[in-house]
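First up is the structure itself, then whatever we jot down about it.
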Amino acid sequence: MSRFNNTPAPVNYVPGLGRGASGFTTRSDIGPARAAPEPGTVPEVVPRQGRADDDEKEDYSESNYDKFSGYGGSLFKSSEPYDHDDKEADAIYERIDARQDERRRTRREAKQRDQIQKFRKERPKVQQQFADLKRELGKVSADEWAAIPDVGDYSVKKRQRPEKFTPVPDSLLASVRPEAQMGNTVDAKTQGLVAEGTTTDLTQIGAARKTVLNLQLHKMADSVTGQTVVDPKNYMTDLNAIKVNSDAEIGDIKKARLLLRSVTSTNPTHAPGWVAAARLEEMAGKLAEARKIIERGCRACPRNADVWLEASRLHPPSKAKGILARAVKEIPEAVTVWLRAADLEEDVANRKRVYRKALEYIPNSVRLWKAAVELEEPETARILLSRAVECVPHSVEMWIALAHLETYANAQKVLNKAVEANPTHPQIWIAAAKLEDARGNEAAVRNIVKKAIASLRAGQVYISRGQWLTEAERAERAGALLTTRAIVEQVLPMGVEEED
């Protein structure tokens, strides 16, 4: 037996006895006999219980297996009971979680409020959208309220039911039939006017003539604007001037119709195909069919502005407004749709309302700002232009128009901001020179033109002498003679050698 740290083994020590081993004797151990250990001095080895039982209780069947998490069951399964220490530890962890949640509650609630405000700003409620209109109702007078027409009742109860017809007995038809027929006998007085043996039914002739006349009138009255184009005095002359399509033209229309039908069926999201198909039917005189086709195109291509514009063109103004209202819901960023909707409004107040609603969705559209400013009074236009230059600072025309509406001191500030936003545009410098020209400050005009040329050169913007002289001619036509003289004096030496 080897020694550990040069220390002899205790008396009666047997290696491995604690693990259930028993002592044994080898040849090297033959020597004095060694007494067996007394009973009770060696602790009894107790095998571990529960591991085999736990393994037998585990379910390793295919129904309890998952490809991601493996076999089901608790990873930290223990046979020990849930005691007081475990309960106390869980309570401590719960208090820690509650404390952490309390610390983050303020930030979480603030974040939720910001998200709700952002969502309400992007998608306001219907009540908020019509808040400005409700405020305008306070200005309506009593006479205007009385002039508002009553709204019809279109409920299901008041809806007109389809007519029902009851078959008439054959006896009644047989009794009435002789009265509607004309005899084939001719009076002796008129015998010389009618050939012998002919039958004349004047009732049927009059009915046929009336039917043909109604068809012609309806065809000519069905125009895009809903107004008739028939001249009652020269109706017969206009009938003679109607062009009758030849067989070749009809054949070409049929071929084109077949081709466009194939285009719209194979590629329904191709907007030009729907527009072309509708215009073909319009050219063929089938306006109702053209409207049906473009309506299908609006449903197939709701994000294309050209389809909606074509639909509004083919319908009367009353229906076109409803079509464009659907269009702005689908594509609120389409400038052309908003402009078309404003053009359909005859009232200036309604047109202003359309432009302002459009600017809420598209604040960076120069065309919408220009159209909205043109309808306003000078004071209101100045306020709109102040907002416009913030939304579209690259529009030089907006800056110059705002400077024209401001006072002298404010105009100088506006033009200085315009130069900072658009340092490469000479029109702003020329507008500043004209402003000083109107005040008679010749020295200031020369200084501004000189700074303009130097600033444009520093910004690597090259403007030829011819272009400068063109601007000088425009200033002269506008009556700014000091500006014209300053530009000519500064640009004449450009491109000319000192020797010359």
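Side notes on the structure shown:
- Hey, GLU420 surrounded by fewer than 16 Cβ atoms within 10 Å (Cβ to Cβ) and under 25 Å from LYS121 (Cα atoms) or not: no
- Screening SER318 with (1) open to solvent by 80 Å² or more (accessible area, probe 1.4 Å); (2) over 24 Å from GLY273 (Cα atoms); (3) at pLDDT 90 or above gives one miss only, at (3).
- Test: ARG457 is part of a helix (DSSP H, G or I), open to solvent by 40 Å² or more (accessible area, probe 1.4 Å) and modelled with pLDDT under 85: yes
- Qualifying residues in the range 129-153 (those that are open to solvent by 100 Å² or more (accessible area, probe 1.4 Å) and closer than 21 Å to LEU359 by Cβ) - the one farthest from the chain's Cα centre (by Cα): ARG135
- Condition met for ALA372 (closer than 22 Å to GLU136 by Cα and touching a Ser or Thr at 6+ places or on another chain (Cβ under 8 Å)): no
- Lone qualifier among GLY273, GLY226 - being closer than 27 Å to PRO317 by Cα, open to solvent by less than 80 Å² (accessible area, probe 1.4 Å) and at pLDDT below 80: GLY226
- Within the range 282-297, residues that are buried (at least 19 other Cβ atoms within 10 Å of the Cβ) have Cβ atoms under 9 Å from residues that are hydroxyl-bearing (Ser, Thr, Tyr) in these pairs: ILE293/THR264; GLY297/THR264, counting only partners at least 6 apart in sequence or on another chain.
- Checked against (1) of a type outside the set (Val, Ile, Thr); (2) closer than 17 Å to ALA320 by Cα; (3) surrounded by 14 or more Cβ atoms within 10 Å (Cβ to Cβ), GLU346 passes all but a single condition, namely (3).
- Condition broken by VAL307, with the remaining ones in (1) open to solvent by 20 Å² or more (accessible area, probe 1.4 Å); (2) closer than 30 Å to LYS370 by Cβ; (3) not small (Gly, Ala, Ser) satisfied: (1)
- Cβ pairs under 8 Å, 6+ apart, first in the range 461-477 and more than 15 Å from THR424 (Cα to Cα), second small (Gly, Ala, Ser) and assigned to a loop (DSSP other than H, G, I, E, B): ARG465/GLY495
- For the range 83-99, the criterion of a residue being at positive phi and either modelled with pLDDT of 90 or more or more than 41 Å from the chain's Cα centre (by Cα) (or both) is satisfied by no position.
- Candidates LEU173, LEU137, filtered to the one that is in a helix (DSSP H, G or I), at pLDDT below 75 and among the hydrophobic types (A, V, I, L, M, F, W, C): LEU173
- If you go through the range 391-417 and keep only what is open to solvent by less than 70 Å² (accessible area, probe 1.4 Å) and closer than 20 Å to LEU359 by Cα, you end up with CYS391, VAL392, PRO393, SER395, VAL396, MET398, TRP399, ALA401, LEU402.
- Count - residues of the range 390-415 that are hydrophobic (A, V, I, L, M, F, W, C) and under 15 Å from TRP429 (Cβ atoms): 7
- Taking the range 423-435 as the range and being open to solvent by less than 40 Å² (accessible area, probe 1.4 Å) and in contact (Cβ under 8 Å) with a residue 40 or more places away in the chain as the test, the residues that pass are PRO426, ILE430, ALA433.
The values are calculated or read from the model by the stated rules, or taken from the named source; none is laboratory data. Predicted model, so just to flag it, every value in this text is computed and none were measured. With ideal geometry, Cβ positions are generated from the backbone for all residues, glycine too; neighbour counts draw on all protein chains shown. Please note that ligands, DNA and RNA were not included when accessible areas were found on the heavy atoms of the full protein model with its side chains. Shrake-Rupley method; radii C 1.70, N 1.55, O 1.52, S 1.80 Å.
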